[in-house]
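What follows is one structure encoded as structure tokens, with my remarks underneath.
The values are calculated or read from the model by the stated rules, or taken from the named source; none is laboratory data. A quick note: this is a predicted structure, and the numbers were derived from the prediction, not measured. All Cβ positions, glycine included, derive from the backbone under ideal geometry; neighbour counts span all protein chains shown.
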Amino acid sequence: MTESTNIIGAEREEYAAFLQNYPDYRRTAALDDLRASDYKRLDDQQHTYLDYTGAGLHGASQVWQHGDLLNSRILGNPHSGSLSSSAATSLVEKTRQRVLDYFGAPRGEYTAVFTANATGALKHIGECYPFAKGGRFLLTADNHNSVNGIREFASARDAVVEYVPLTVPDLRIDKDGLESLLDNIEPGHASLFAFPAQSNFSGVRHPLELIRQAQDKGWDVLLDAAAFVPTNRLDLGAVRPDFVSVSFYKMFGYPTGVGCLLVRTTALEKLRRPWFAGGTVNFASVEGRTHILAPGEAGFEDGTLNFLSIPAVDIGLRHLEKIGIEIIHTRVNCLTGWLLGKLLALQHSNGRHMVRIYGPATTTARGSALTMNFYDPDGHLLDYRRIEELASGQRISIRTGCFCNPGAGEAAEGLTADDMRAAADEPAGMTLPRFLQFMQHRGGKSAGAIRASLGIVSNFADAWRFLTFAADFCDQTKLTMGEVTFDVDSCRVIRDGS
Ligand SMILES: Cc1ncc(COP(=O)(O)O)c(C=O)c1O
């Protein structure tokens with residue numbers, strides 16, 4: 001079944017024009033069939049799901065397969081010799097190999113450490129990377145807080161922490177700034193550079209060539225791939241970051257509670273665990289106050305692994321392999337291009353633009369997270385919290401806030417260290433509503449936005465529904481946040497969005 005069967009009226013005309021402008025979309029028709037079967041619940045419930053950067057969606061078949069496996073096997077706590085234990089160990093190890101193979105990790109070069117999520121992988125780096133005086137932690141302003149938080153470990157151990165700035169309005173890494181910061185490394189001192197392969201705020205895909213560039217200058221590189229891998233192929237045979245963080249529920253929805261740190265064997269040897277736990281030691285003595293950490297991934301997998309859920313990762317990866325990540329990539333790229341162009345073109349009756357998109361206005365080196373704010377005809381910011389409520393009323397799931405990525409949001413809005421200090425100095429204490437009002441009075445700045453993100457089974461109808469929802473704010477004046485106005489038209493050159 002193709003999508004066009006369900007489309008009528010103006011949507012049909014737009015769909016025809018869309019197909020003309022984005023002919024590659026036709027090659028992704030298999031995803032319509034998949035949606036109609038495995039993801040039937042979306043259309044049954046008329047739900048427009050646009051939060052794939054928050055969490056991917058699983059196909060029903062993944063859960064059935066996992067249920068069948070659990071209901072047909074006797075699986076015990078792994079790493080013992082019993083039948084039930086060996087059965088669990090063998091499923092965990094099969095999944096570990098599947099993960100390495102999926103990411104094209106050259107044999108013997110990478111280890112996959114199972115964690116609870118991407119944050120768990122990143123915390124391992126914070127805790128175990130040999131930060132010390134003379135060393136550095138360099139990270140891009142565009143990063144999830146789970147990467148930003150590593151700076152606390154680095155500075156506690158006297159390493160220098162520095163941020164690479166972003167360019168405005170595209171929110172890409174400032175290449176000149178990066179070049180000189182990368183040159184600033186003291187030989188012989190462990191130094192780590194961290195950046196996201198794809199921004200969870202702006203959708204920008206940062207260049208993977210930076211990995212090699214930084215490594216050539218002596219840096220270890222941490223690539224946060226959590227927002228990248230749901231719609232892009234990461235090939236560890238082609239780019240060789242020292243550390244990679246992922247959460248599997250972002251890739252294929254199910255299971256939650258399992259993530260992974262992919263680590264190069266040479267980099268793993270540099271990590272120093274600050275403690276040991278059940279499962280991570282070959283030997284531990286109370287009398288002798290000594291322990292010997294287990295080698296490889298085992299030394300990092302604290303306590304009992306999530307051994308019932310880990311086999312569902314194998315199922316999820318096979319699900320992705322069967323569909324083909326390139327098909328998903330092509331589909332979201334077409335839909336993103338169309339939606340970007342249409343949102344940027346929305347105007348009030350007085351000709352002023354309605355929507356401000358943060359980050360690139362075209363699909364060049366950008367993924368499918370569209371972060372934006374809406375403005376009234378006089379340039380007053382519309383309250384994104386109310387917009388989220390209204391979207392929910394129409395069964396559209398979007399996300400609002402700063403998406404745990406304060407640096408990209410601050411760069412997008414021009415929020416400065418002074419703004420933040422002034423907010424912190426407010427006598428009455430800061431709440432979110434007060435903070436939003438406060439920033440409104442510092443030049444009409446917004447501290448938060450709306451994010452619509454596309455993923456595995458997004459279709460034209462989803463993009464269309466969001467566009468028509470947005471278009472309904474034409475000439476709207478009731479949802480403004482304050483009196484301060486913002487000139488949407490001057491904030492960027494409106495491009496054709498192709
Ligand atoms: C780029 C990026 N990194 C890290 C994370 C953290 O992922 P988790 O909450 O699954 O640990 C997220 C989650 O949204 C993300 O988008």
The residue from HIS47, HIS79, HIS58 that alone is in contact (Cβ under 8 Å) with a residue 60 or more places away in the chain and crowded, with 19+ Cβ neighbours inside 10 Å is HIS58
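Every residue, every condition in (1) more than 16 Å from the ligand (Cβ to nearest atom); (2) modelled with pLDDT of 95 or more, yes or no:
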site	(1), (2)
GLY218	yes, yes
VAL221	no, yes
PHE243	no, yes
PHE248	no, yes
VAL258	no, yes
LEU262	no, yes
ALA267	yes, yes
VAL281	yes, no
GLU287	yes, no
Return yes when PHE473 is part of a helix (DSSP H, G or I) and either surrounded by 14 or more Cβ atoms within 10 Å (Cβ to Cβ) or within 26 Å of the chain's Cα centre (by Cα) (or both) and no when it is not. no
Sort out which residues of segment 80-97 are outside any helix (DSSP H, G or I) and polar (S, T, N, Q), and write them in order of number. SER80, SER82
Name the residues in segment 98-130 that are over 16 Å from LYS250 (Cα atoms), assigned to a helix (DSSP H, G or I) and touching a Leu at 6+ places or on another chain (Cβ under 7 Å), would you? ARG98, HIS124, ILE125, CYS128
Is there a residue being within 16 Å of the ligand (Cβ to nearest atom) and either out of contact with any strand residue (DSSP E or B) (no Cβ under 6 Å at 6 or more places or on another chain) or modelled with pLDDT under 95 (or both) anywhere in segment 174-193? no
If we keep just the residues of segment 230-241 that are more than 10 Å from the ligand (Cβ to nearest atom) and crowded, with 24+ Cβ neighbours inside 10 Å, which is nearest to GLU209 (Cα to Cα)? PRO241
What's the number of the only condition in (1) in contact with a Phe, Trp or Tyr (Cβ under 8 Å, 6 or more places away or on another chain); (2) within 23 Å of PHE435 (Cβ to Cβ) that ARG386 fails to meet? (1)
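Results for (1) within 16 Å of the ligand (Cβ to nearest atom); (2) within 24 Å of VAL164 (Cα to Cα), shown as yes or no for each residue.
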residue	(1), (2)
ASN333	no, no
MET354	no, no
ALA361	no, yes
GLY379	no, no
ASP383	no, no
GLY409	yes, yes
THR416	no, yes
GLU426	no, no
Subset of segment 274-318 [over 30 Å from HIS58 (Cα atoms), touching a Ser or Thr at 6+ places or on another chain (Cβ under 9 Å) and of a type in the set (A, V, I, L, M, F, W, C)]: PHE283, ALA284, LEU293, ALA294
One residue from HIS124, HIS144 being touching a residue at least 12 places away in the same chain (Cβ under 8 Å), closer than 30 Å to THR364 by Cα, of a type outside the set (Asp, Glu) and within 16 Å of the ligand (Cβ to nearest atom): HIS144
Those residues that are part of a helix (DSSP H, G or I) and touching a Gly at 6+ places or on another chain (Cβ under 9 Å), I need them from segment 36-65; list them, please. SER37, GLN62
Just checking, does segment 24-31 include any residue being aliphatic (A, V, I, L, M), in contact (Cβ under 8 Å) with a residue 12 or more places away in the chain, part of a helix (DSSP H, G or I) and surrounded by fewer than 15 Cβ atoms within 10 Å (Cβ to Cβ)? yes
MET372 fails exactly one of the following numbered conditions: (1) crowded, with 21+ Cβ neighbours inside 10 Å; (2) at pLDDT below 95. What is the number of that condition? (2)
From the options ALA412, ALA422, ALA408, residue that is farther than 23 Å from ASP51 by Cβ and part of a helix (DSSP H, G or I): ALA422
Restricting segment 199-216 to residues that are within 15 Å of the ligand (Cβ to nearest atom) and either in a loop (DSSP other than H, G, I, E, B) or among the acidic types (Asp, Glu) (or both), the one surrounded by the most Cβ atoms within 10 Å (Cβ to Cβ) turns out to be SER199
Within segment 436-456, the residues that are within 30 Å of PRO230 (Cβ to Cβ) and basic (Lys, Arg) are ARG451
Can you name every one of the helices (runs of 4 or more DSSP H) wholly within segment 243-360 that holds 3 or more residues which are in contact (Cβ under 8 Å) with a residue 40 or more places away in the chain, buried (at least 17 other Cβ atoms within 10 Å of the Cβ) and not basic (Lys, Arg)? 248-252, 310-323, 325-345
Scanning segment 441-470 for residues that are in a loop (DSSP other than H, G, I, E, B) and small (Gly, Ala, Ser), which turns out surrounded by the fewest Cβ atoms within 10 Å (Cβ to Cβ)? GLY443
